[in-house]
Amino acid sequence: MAGGPPELSPQEIADAVGGTLSWGEGARALDHLASVERLSRGYPEAGSAVVVVPSEQELAPLAGAPVLPGLLVLGAVAGLEGPLAALPTVRVGEPRLALARLSALLDARPRPFTGEVSATAHVHPAASLGSGVSLEAGSYVGPGASIGDGSYVGPGASVGANAVIGAGCVLHANVTVYDGVTLGARVVLHAGAVIGADGFGYAASPAGAVKIRQLGGVTLADDVEIGANTAVDRGTLDDTVVGARTKIDNLCQVGHNVIIGSDCLVAGMTGIAGSARVGDGVIIGGAVAVSDHVTIGSGARIAGRSGVTKDVPPGETWAGFPARPHRQYARSLYLLERLEDVWRAVKRMERG
Amino acid sequence: MAGGPPELSPQEIADAVGGTLSWGEGARALDHLASVERLSRGYPEAGSAVVVVPSEQELAPLAGAPVLPGLLVLGAVAGLEGPLAALPTVRVGEPRLALARLSALLDARPRPFTGEVSATAHVHPAASLGSGVSLEAGSYVGPGASIGDGSYVGPGASVGANAVIGAGCVLHANVTVYDGVTLGARVVLHAGAVIGADGFGYAASPAGAVKIRQLGGVTLADDVEIGANTAVDRGTLDDTVVGARTKIDNLCQVGHNVIIGSDCLVAGMTGIAGSARVGDGVIIGGAVAVSDHVTIGSGARIAGRSGVTKDVPPGETWAGFPARPHRQYARSLYLLERLEDVWRAVKRMERG
Amino acid sequence: MAGGPPELSPQEIADAVGGTLSWGEGARALDHLASVERLSRGYPEAGSAVVVVPSEQELAPLAGAPVLPGLLVLGAVAGLEGPLAALPTVRVGEPRLALARLSALLDARPRPFTGEVSATAHVHPAASLGSGVSLEAGSYVGPGASIGDGSYVGPGASVGANAVIGAGCVLHANVTVYDGVTLGARVVLHAGAVIGADGFGYAASPAGAVKIRQLGGVTLADDVEIGANTAVDRGTLDDTVVGARTKIDNLCQVGHNVIIGSDCLVAGMTGIAGSARVGDGVIIGGAVAVSDHVTIGSGARIAGRSGVTKDVPPGETWAGFPARPHRQYARSLYLLERLEDVWRAVKRMERG
């Protein structure tokens, strides 16, 4: 993919996002995405830019932009005025999904895949490599480990003994995969992620804490993505599991024996303590703490900065600490703001 | 230890955990630990498995297991029925401690120690290595650093100038030990841990913040274990200190000049700000924040997700934010749940 | 700078900190900083030590110290008694700034800069190195990346394709800089920091989450310092930006599209969610969570462990969760402590 992304016509963009093209005659070739903000500050490459405008709100700053993009992809935008009205447009029902599709089509970032094994990569003789594997300088593949076809192991990334890395995985720089960890296909681990460190388990004894060795592993299913410096601990006896397509953001902690379902989103700095269960399709906000042994039902949503201390039923939205149904949480916030009134009323009544 | 853990007889298991064997005639050799959950799903190696059952509660799922283990290690379990009654059992008073002991005896995970220095490890000519040191590919040992007998430095792990690593330490992959850090014996640092980065200290000046260089170091005493991606900052002038046998979980932050005593447990995502003091035998839950210059007395316990803003007396259990004695915290939670009643009562009284 | 820091006279110290020397005749040469605490425990090198005493409070333990330092740098300290009265002193108005200046003058830590490219550093043929660049063993510089004059890339640190590292930067061990990241001059990245990992952006689709590729980069301006294991995500289309002289502590998360101004201080374990804006000179305490798309005005201060969910006006101090002006927060804490009284009063009034 040398030479960057392809140049696309408005029609090709419309087809790619499943949208309706309103005008495209004579339009310039399009080769990158730009933000409304960047356009409103003016920059020379505007003419070949596609801009996604999800709603009227995002449209406003574009009206005064000194330069105009080559194509507008419009969500819930009523009409265009002034110079914008002359631009070719593609109408879509799901602008965010359109942005996602276009971000892949117009991605000019360098691809890490070289299909080569660096001379300074360390591959244990008892490891096995699939076809087209890229091992960067200073990467490490331990005894018995296997790397699937087309996977990439970045500079300084380490794959422990007997670990199994599926096909098409990307392990960014300085990732650590411990021994006995299993990754499905197309798993992405961002830099500094640590998969399979020991769970935090000790038994009390007269001579101090005695470590419970963590003999399980970790299984990350297909299409899981793990953020930078996030840690997923290995299980005590069985594997800690993250289900297919679940995405976990940066600096999260997933404790030992946790089982997370498929299609979840876990935002940054969230901690899920040991043996918790998270169903499918759960969305957890940032900086959330989930207590050990708690179950969060499928389809539940947890607001940012909550602390979940007991089971959350499927499909419910919970918030606060201790977390409770969102309606109750909102009511409790309301009551807390009335506390001054209550205090004064009580004082008044006690006096008279 | 090639070939995995030894095969043990029920009597050897009983001896190892100091328990009472009730029946062992003809029992098969035992070579691994299994979970009740794994057995309840059925798996072929069941016959050579030891299962630890701490209490009646954990016993229930085993009653219907399609396959049976080779030995039950029982805590507070009254009696066994059905097929379970025919199994050899070992009775113990402390099942968690038994699990810890057995996890070491039956640990089949690959041992990292090779006793070899990889050809791609970088050892500065002015560094010194003890006997039987294992340095993995891409590890780094700086000038003046010393590595104690039998210690292991994993792939990509870095030991800074003049750092002192005791005997029998394990530095997992991509660990960073800065210059001037001192580790006792048998210290374990999990992947991505950073020991000795600069404390966060700046002085205001008209030209902006002026860095206070952090000239102290870090001392981790014998048998300390530090979790993945946890950071322990160096002191400003003196060392930041973590006492013997203290265990700190993943993604924790220990600020500069902090002094933590021995035999503490600090759960994941906890931050201890600069110059705080933590006594001996303190247990701190996950996602706790401890303010700078606060003292937590020996034997205290801090509930998960608390924010400690003032001194905690020895032996007390505190919770909440701002943290207070647990009884007070529980009372305040109770009162908060009564807020709706209070609000309605006040409204009612004001009307009538 | 072999042989450690220079030996300085009391007059030279006074000049360096802009203070008033009261007595210096016959004083010994000074070569290091010591803490009051270390002196109060006694140690042999005391005579060549400088001790900074910001206030009377810090003076007390020194009165009984078994050994005396060579020079006292005094802030708001009225007078000295006993043996301390015989010591040379330097009076300063800003003792913390004096400490910062002296910490640089008397810094005996080994300097990482070697000006050499290690034989095991990996430099892509299409990368460019300035003059006097130090590349440690196992470091990595990708295609198209450039490293400015005199910069240092530590063991196992990785600089991605097309990244631009300014002059005089320090990238400690195991740092990861992704492709397309730009660092100004004298930027310091502590070990394990990850700059430029993908922001957390997905679009919902019937087939599960579709990744929004993160095509922007990260810009860290001159003199930024980033703590250990902190992550700064790349922007979706434009750069995530951290302004000049801003310092971010360990284990922080800066989301995609965030723009932080200059001269800010962000304490450890703080998370700033996507697209938030932080003005200039903002101080954010530890363990704070800032919601996405929120704006914190210049000069604002956010208390530790707050959760900022809406815009904070410039210059204000906010606290709590949801964060509010500090005065309101303090009042709400007061009212919460009165809740027991309110409850009892309501009970009493209902009865009578």
Legend entry - For the range C:212-223, 3J(HN,Hα) per residue [Karplus equation, 6.51 cos²θ - 1.76 cosθ + 1.60, θ = phi - 60°, Hz, x = Gly/Pro]: 8, 4, 9, 9, x, x, 9, 10, 10, 6, 4, 6
Legend entry - Pairs from A:K310/A:K347; A:K211/A:K310; B:K211/C:K211; A:K247/B:K211 whose Cα-Cα separation, in the structure shown, is over 30 Å: A:K310/A:K347; B:K211/C:K211; A:K247/B:K211
Legend entry - Exam field: B:P44 pseudo-label spacings to other copies (7 Å along Cα-Cβ), nanometres: 6.7, 6.7
Legend entry - Ascending list, in nanometres, of distances separating the C:P314 label from those of the other copies (7 Å, Cα toward Cβ): 5.3, 5.3
Legend entry - For B:W23, label point 7 Å along C-beta direction: distances to other copies, nm: 8.9, 8.9
Inset, instruction - Filter the chymotrypsin sites (Phe, Trp or Tyr not before Pro) in the range A:103-195 down to the DSSP loop ones having no more than 10 other Cβ atoms within 10 Å, then list what survives. - result: none
Inset, instruction - Give, as a single signed number, the net charge of other residues whose beta carbon lies under 15 Å from the beta carbon of C:D179, with Lys and Arg counted +1 and Asp and Glu -1. - result: -1
Inset, instruction - Starting from the Cα of B:R351, step 7 Å along the direction of its Cβ; do the same at A:A108; then give the gap between the two resulting points in nm. - result: 6.7
Legend entry - Calculated from backbone phi, Karplus (6.51, -1.76, 1.60) coupling profile of the range B:250-265 in Hz, x at Gly/Pro: 5, 6, 9, 10, 10, x, 5, 6, 5, 10, 10, x, 8, 6, 8, 10
Inset, instruction - Using a 10 Å cut-off on Cβ to Cβ distances, tally the other chain neighbours for every residue of A:149-162 and report the average as a whole number. - result: 5
Inset, instruction - Report the net charge of residues surrounding B:I302, where surrounding means a beta-carbon distance below 14 angstrom and charges are Lys +1, Arg +1, Asp -1, Glu -1. - result: +3
Inset, instruction - For peptide A:183-192, compute the average count of partner chain beta-carbon atoms within 10 Å of each residue's beta-carbon. - result: 4
Inset, instruction - Choose one answer from A:T89, A:T246, A:T230: the residue with the largest mean-square fluctuation in a GNM of chain A with alpha-carbon springs under 10 Å. - result: A:T89
Inset, instruction - Between C:G304, C:G281, C:G82, find the one with the highest GNM mean-square fluctuation for chain C; connect C-alpha pairs within less than 10 Å. - result: C:G82
Inset, instruction - Take the eigenvalues of the Cα gyration tensor for the range A:273-321, scale each by 5, and report the square roots as semi-axes in whole Å, largest first. - result: 13, 13, 9
Legend entry - Three-way shape label, the range A:3-105, alpha-carbon gyration tensor, a/c 1.5: rounded
Legend entry - Percent antiparallel among DSSP beta bridges (both partners in the protein assembly as shown, rounded to 5): 10
Legend entry - GluC sites (Glu not before Pro) within the range B:49-129: DSSP coil, no more than 11 neighbouring Cβ in 10 Å: B:E81
Legend entry - Taking the range C:213-352 and dividing mean pair separation by its residue count, relative contact order in percent (alpha carbons under 8 Å, at least six apart): 13
Inset, instruction - Scan around C:F200 for amide H atoms under 5 Å from its own, H built in the peptide plane at 1.01 Å from N, and keep only partners 5 or more places away or cross-chain. - result: C:H256
Inset, instruction - With a/c under 1.5 counting as rounded, go ahead and sort the range A:123-280 into rounded, prolate or oblate using the C-alpha gyration tensor (a ≥ b ≥ c being the square roots of the eigenvalues; past the cut-off, prolate if a/b is larger than b/c, else oblate). - result: oblate
Legend entry - Shielding by partners - mean other protein chain Cβ count within 10 Å, residues of C:58-67: 0
Legend entry - Equivalent ellipsoid semi-axes - Cα gyration tensor, chain A, angstrom: 41, 37, 15
Legend entry - Over the range C:10-105, relative contact order from alpha-carbon pairs under 8 Å, at least 6 apart, %: 33
Inset, instruction - Give me the distance between the Cα centres of the range C:295-325 and the range B:215-239, rounded to whole Å. - result: 32
Inset, instruction - Sum up the charges of everything whose Cβ sits under 10 Å from the Cβ of A:A167, counting Lys and Arg as +1 and Asp and Glu as -1, but leave A:A167 out. - result: -1
Legend entry - For the protein assembly as shown: rounded, prolate or oblate by the Cα gyration tensor [a/c cutoff 1.5]: rounded
Legend entry - Fluctuation leader among A:S131, A:S35, A:S275 - chain A, Gaussian network, Cα springs under 10 angstrom: A:S35
Legend entry - chain C, relative contact order in percent, only Cα pairs under 8 angstrom and at least six apart counted: 7
Inset, instruction - Can you tell me the FRET efficiency between A:E340 and A:R41 if r is taken as the Cβ-Cβ distance and R0 is 51 Å, rounded to the nearest 0.05? - result: 0.70
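Every number in this text was worked out from the coordinates using simple rules, so none of it is lab data. Note that this is a predicted model, so its numbers are computed, not measured. When we count neighbours, we look across all protein chains shown, and the Cβ atoms used for this are built from the backbone with ideal geometry, even at glycine.
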